[in-house]
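The values are calculated or read from the model by the stated rules, or taken from the named source; none is laboratory data. Treat the numbers as computed from the prediction; the structure is a model and nothing was measured. In this analysis, Cβ positions are derived from the backbone assuming ideal geometry, glycine residues included, and neighbour counts consider all displayed protein chains.
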Amino acid sequence: MKQLMLGNEAVARGLYEAGCMFVSSYPGTPSTEITEAVAKYPEVYAEWAPNEKVAMEAAFGASLAGRRSFCAMKHVGLNVAADPLFTISYTGVNAGMVIGVADDAGMHSSQNEQDSRHYARSSKIPMLEPSDSAEALEYAKLAYELSEQFDTPVLLKMCTRVSHSQSLVELGDRTEKLKEYVRDVPKYVMMPGFAKKRHPVVEARTAALTEYAETAPINRLEPGRSNKYGFITDSTCYQYVKEICGDEYPVLKLGMVWPMPEKKIQDFAASVEKLFVVEELDGFIEAHVKFMSIPCSGKDTFPLIDELSQNKIAEALHVPFEQGIRLEETIPPRPPVMCAGCPHRGLFYTLKKNKLTVLGDIGCYTLGAAAPLAAVDSVICMGASVSGIHGFSKSQNGAMDNRTVAVIGDSTFMHSGITGLVNIAYNESNATVIIVDNSITGMTGHQQNPTTGFNLKGDPCAKIDLETLCRAVGIKRVRVIDPYDLKQCDEVIKEELSANEPSVIISRRPCALLKYVKHKAPLQVDTDKCVSCKACMKIGCPAISIADGKAKIDATQCVGCGVCQQLCKFGALKED
Amino acid sequence: MKTKNIMIVGVGGQGSLLASKLLGRLFLTRGYDIKVSEVHGMSQRGGSVVTFVRFGSKVYSPIIDKGEADYIVSFELLEAARWTEYLKPGGKIIVNTQQINPMPVVIGTAEYPEDLVAKMEAAGLAVDAFDALTLAEQAGSAKAVNIVLMGHLSRNFDFTEEEWLDAIAQSVPPKFLELNKTAFLLGRNA
C-alpha cells in the first residue's frame, strides 16, 4: 500500500530501512523534519546537536565506530560544517555516512539563496538529488551503498519543494549491517604526511564515481517524441520540465549531480538539436557541460534568481500557458509577525524606545526588524550578533557602547554565540549581549536544545545553565529580566549599557506557544477610558487593532501577557 | 485523469496543514497520484500561507502556478484577493468572509480593501463566499474553520459523504472527531 509522505519523512524512512543507527543534526528549515521523523523509529539513535559542525563530526565518529550514520542541516548549516566536510572527504568512512543538506531557493525561511551543489564539487564528495518523496527514500538507501562501496561520505541534497512536498512512497523493511572498528592511522589521522597520501585516493575515487555515474540508473534518460530540444535537469526542476513538456522531448535527469556522467552527457547532447540545462539557482550543471565544450542554453534562458516553476520554464521556452485574473486593487502585504504574547515583543519595544543600535541574529526574534518594532540594525548568520558587537565596539574605541546591544536566542547562543562571548571576555570589549531565552528553538517549530533540559525524544536530560556558563567564560555582570515587565527591562538594560565592563542580560520567558505555558484571560478594553492615543499599537501585537477609533482586543488571540497594559496611561486595558 | 489543482490559502496558524492532510488521505483512497506542497518555518508566523494540493493520474510539479488552480479555498477574505491570479479560467474561489487585519493595516500604514467579494465578482471571478467562522463556532470551536471550508469544497467533488468522513477520522485526534464531523456537515450544507 502506497503512503503519502513528506520528502523529509521519506528521507527518514530511507535512513531507517538502510539500517542507519546514528543521527545527529541541528534544526534548520527546510531540513528539520528529517531528524524529527527518524527520531520516531526506536531502532535509530537521534539527537539535536548544538550546531551542524558538531553534528557532522558526531556522525563521522559513528561511522568510524562501524555504524551507518547521518546528519541533516539547511544550506547555511553546511557552511558551519564545511570544516569537517572537506577532511572527511579525505578519510572516507568505515560504515556508510550520509550528509543531508536542504537548500531554500526562494528564501522561504532563510537569509541567503546559496546553491549547495558547489560543495559537492569543491569537497569532492558525491551528491544525490531526489525530485520527490519516492526518490528521497530510494536515494537515501542508495547513498549508504555508494558510501561503503566508494569509501566516501555522500551528500543527499534536498530543497524546499522536495523536503516540504508530500508524494507517494512504498515502504520496505529495515536491514542492519554493522561493521567492526578497525584502527587505521594513515587513513584517519589527517596530518600532512598521511593527508598527502589520501589526496590521490580522493581523486581516484572521483574518477571511479564518474565511471559509476555513466551507468547509474538514477541518471535516467527519458526518451521524447521529438529531438528538437533536449533537457538536462535535476531535483524539482525535473518535475517542472515534465509538467510543461511531458514526453515531447528527451530528458536526461541527473539523480547524481556530482560527479557528472560526462560520456552520457556528450551522447545526449549529440542526440538533440538544441540542449537546455534547467536547474535552480546557479548554472552548476551548465558550467560543467560548457567546460566539456558542449554548447547549451541554461542561465541565458532560465532565471538565475529565485525558485523555478512550470510557468517560468514555459515562458522561457515560449510555450503558451493560461493567465489568471489579477485584481486591480492594492492588496496590503501580510508579513510574518511575532505571535500574541511573544516574550520577544517587550524586549524589542524597550530597545526601540531607547533608540539602541541592535545587532540581531537568526530566529523568531529576527522579526524584531519588522515594523512597528523595527529595532534591528543587522542580521547575518547564526552567532554573528555576539561576534559582531565585539568588532563594532573595539573598532570605535567603545564610542557607541552605551547604546549598542547584541540580541541572540538561547539555541542560537549555544550554536555559535558562546564563542563570540569568549572573544568579548578574552579581548575585553565593553559589549552588552542580550540572550532572549524562550526555552525552545522557536522558528523551526519547537525543537529542544542544550538549555531546555529535554532531548530530541522529549526525555529529561542535562540542562546547560546560561548564567553559570556566561560567568565561567569571564563575564561578571550577568542579569536576568522578564520581558513582560517593561519597567524592569528598561532599568536593567540602561544599567548594563552604562556599566564599564561587558554584560550579559538574559531575557527569560518561555515561548507563548509552548503547551505547558499557562495563559491569562484575554484583556478587555474600557472604551470609556480609551482616548485613542494608539500607544498600545506601538508593540505590533496581532491581537490589538483599532475599531471605531478605539482599541480592540481579539479575544481569540490575546493571551493576557499585559505588555500593552503597561503602555496605556489611561488604564483602558484591563483584566477580565 | 487530468490533474486537478486545489490551492489552500490563509493566515499562518489557521490550520491549512490539516486541510491538506485531509485531502491527501481522501484522494489516496481512490488511488490517485498526489502531491501536496506545504509551508513551514518563518512564513508560518502569522504571515500569508499557501498550500498546493494536486491529484490525477500522474502529477509532476508539486506546486500550482498562476492560471492553474481549479479551486482556491481561502480561509480569509484578503488572502482570496491576493491569490486570484492563480485561478484557472473557469475555476472557483471558495472563501471564508472572515477578515484578519495584516500588520500594515493594524499599524495604520495600509488599508484593508472594502467590498472584496463584489470586486472579485466584477473582475469575472467565480466566488463562493460564506461565513465559515460562525459555522465553526456553531460546531463548537473557531478552530474548525478549516474543516467547515473542506465541507463546502466537498460539494464540488463526486466523493461520497462517507468517504470524506472516513478521511476526517484518519486526520484528526479521536476526541475532536465529533466536532469536526459536525463542522464538515455544516460546511457541506451551507
Would you check which residues across segment A:555-574 are free of Cβ contacts under 8 Å to residues at least 40 places away in the same chain and closer than 24 Å to B:Gln99 by Cβ and list them? A:Ala555, A:Thr556
Can you pull out the residues in segment B:12-50 that are more than 7 Å from every other protein chain (Cβ to nearest Cβ), outside any helix (DSSP H, G or I), at pLDDT 85 or above and within 15 Å of the chain's Cα centre (by Cα)? B:Gln14, B:Gly15, B:Val49, B:Val50
Residue check: is A:Arg161 in contact with a strand residue (DSSP E or B) (Cβ under 8 Å, 6 or more places away or on another chain) and basic (Lys, Arg)? yes
Scan the helices (runs of 4 or more DSSP H) fully inside segment A:282-394 and keep the ones with 1 or more residues being in contact (Cβ under 8 Å) with a residue 60 or more places away in the chain, within 14 Å of chain B (Cβ to nearest Cβ) and not hydroxyl-bearing (Ser, Thr, Tyr). A:310-316, A:344-353
Going through segment A:493-533 in order, the residues found to be part of a strand (DSSP E or B) and farther than 20 Å from A:Asp554 by Cβ are A:Ser503, A:Val504, A:Ile505, A:Ile506, A:Ser507, A:Arg508
Segment A:42-62: number of residues that are free of Cβ contacts under 8 Å to residues at least 60 places away in the same chain and either of a type outside the set (Phe, Trp, Tyr) or touching a Lys or Arg at 6+ places or on another chain (Cβ under 8 Å) (or both): 13
Count of residues meeting criterion [more than 8 Å from chain A (Cβ to nearest Cβ) and either under 17 Å from the mean Cα position of the chain (by Cα) or crowded, with 23+ Cβ neighbours inside 10 Å (or both)] in segment B:70-108: 20
Can you pull out the helices (runs of 4 or more DSSP H) entirely within segment A:38-133 that have at least 2 residues that are among the basic types (Lys, Arg)? A:117-123
Sort through A:Val517, A:Val478, A:Val492, A:Val504 and tell me the only one that's without any contact (Cβ under 8 Å) to a residue 24 or more places away in the chain, under 24 Å from A:Asn423 (Cα atoms) and surrounded by 14 or more Cβ atoms within 10 Å (Cβ to Cβ). A:Val492
Just checking, which of A:Ser503, A:Ser507, A:Ser545 is over 26 Å from A:Ile440 (Cα atoms) and among the small types (Gly, Ala, Ser)? A:Ser545
Helices (runs of 4 or more DSSP H) wholly inside segment B:91-152 containing at least 2 residues that are at pLDDT below 95: B:103-106
